[in-house]
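The block underneath contains the structure these notes are about, expressed in structure tokens.
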Amino acid sequence: MDFDYVDDFENVEMTYVSFLSRGYISKNRQIFEKIELTKFSKFVLSSCVYGTPIFKIGNSGKKILVLSGIHGNELSPQLANLTLLNELIKTDLNNTVYVIPFASPNSTMNNERSFNSIDLNRAAHMANSLSNQILRAICELKIDCVGDFHSTAYNSNPGFESVFSSRNPSFESVLIAEHISHDVGSEVIKYDIAGSQYKGAVEDTCNLRGIPAITCEVLSPFASIGKGSFERSLKQMKSFLAYFGF
């Protein structure tokens, strides 16, 4: 993948994972009205009009991906990831961070869970699905670890703040989850083998390829941003990065 430096932001590079997922985030008032419209935030939103942008900050150490928006109606992590990205571009990093704040801008625009009637967190193993394109980017960029950030509602699965992980074949997934749990209090959910419970989740498809990955969930009603959920998701993201010495 070829990255280009972003004008006016000298330490940020960007490219696109897909051009089929384009959308106007501003049409979703539930999230747009919560966004601090910095110069860089405006650039990110305008980039989403053309597809799924991925941003790169730093050029050394481990390569870490912070991903959100796999489910377009899970808004808190997307807001948190955009906030994190605004902080990262002002920071000298000892590792390389890739950020996908809006995995499916079209789904976020419509405040919908799926993209083209496909649940992207059950489709990462399906050739040419949007989440599979993200997986291919992860492999091509030789990402060392992936954090996929979601939200969950009461009476849904899991229905409480948590971190999913699996012992095999990438045990570091569990170590990262336990670090986040100790740091911010999210409950750890461990599976013996990746993909044994959910086929096609980004986390599982990464772990099965030897790329340690976790899925973080915060509690918030779908299609809206529950009180404190944005802040909790941001804490999870920062704890995830702290595991690698950020």
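In table form, for the structure just shown:
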item: Distance (nanometres) between label positions extended 7 Å along Cα→Cβ at TYR198 and LYS227; result: 2.7 nm
item: Ascending count of other beta-carbon atoms within 10 Å, so fewest first, for ILE70, ILE176, ILE118; result: ILE118, ILE176, ILE70
item: Amide H contacts of VAL188 (H built 1.01 Å from N, under 5 Å, at least 5 apart or other chain); result: VAL163
item: FRET efficiency, 1/(1 + (r/R0)^6) with R0 45 Å, evaluated for ASP8 and ARG136 via beta carbons; result: 0.90
item: Cα shape, segment 93-216, gyration tensor, a/c 1.5 rule; result: rounded
item: Order of VAL97, VAL174 under a 10 Å beta carbon neighbour criterion, fewest first; result: VAL174, VAL97
item: Directionally averaged shadow of segment 9-76, computed from the convex hull of its alpha-carbon atoms, nm²; result: 5.3 nm²
item: nm² value of the averaged projected area, convex hull over the Cα atoms of segment 1-141; result: 7.7 nm²
item: Cα pair distances exceeding 19 angstrom across segment 71-123, given as percent; result: 36 percent
item: DSSP-loop trypsin sites (Lys or Arg not before Pro) across segment 129-168, with at most 13 other Cβ within 10 angstrom; result: LYS142
item: Partners for LYS235 among lysines (Cα-Cα distance below 25 Å; same-chain residues under 8 apart left out); result: LYS34, LYS39, LYS42, LYS56, LYS62, LYS63, LYS90, LYS190, LYS227
item: Whole-Hz ³J(HN,Hα) from phi, Karplus 6.51 cos²θ - 1.76 cosθ + 1.60, for segment 3-17, glycine and proline x; result: 9, 10, 5, 8, 4, 6, 9, 5, 9, 10, 10, 8, 8, 10, 7
item: Ellipticity estimate at 222 nm from DSSP helix runs (n ≥ 4, -39,500 (n - 2.57)) divided over the chain, nearest 500; result: -9500 deg cm²/dmol
item: Sequence of SER18, SER60 once ranked by neighbouring C-beta atoms within 10 Å, starting from the fewest; result: SER60, SER18
item: Once exposed loop GluC sites (Glu not before Pro) are cut out (DSSP; at most 13 other Cβ, 10 Å), longest piece of the chain; result: 37-246
item: Cβ-Cβ FRET estimate between ASN116 and MET1, R0 fixed at 35 Å, reported to 0.05; result: 0.95
item: ³J(HN,Hα) computed for each position of segment 196-205 - Karplus, 6.51 cos²θ - 1.76 cosθ + 1.60, integer Hz, glycine/proline x; result: 6, 9, 10, 8, x, 5, 4, 4, 5, 5
item: Taking the convex hull of Cα positions in the chain, its mean projected area over all directions (nm²); result: 11.3 nm²
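Taken together, the values in this text are just the output of simple stated rules run on the coordinates, not laboratory data. It should be emphasised that the depicted structure is a prediction, and the values quoted were computed from it without experimental measurement. Using ideal geometry, Cβ is built from the backbone for each residue, glycine included, and neighbour counts are taken over all protein chains shown.
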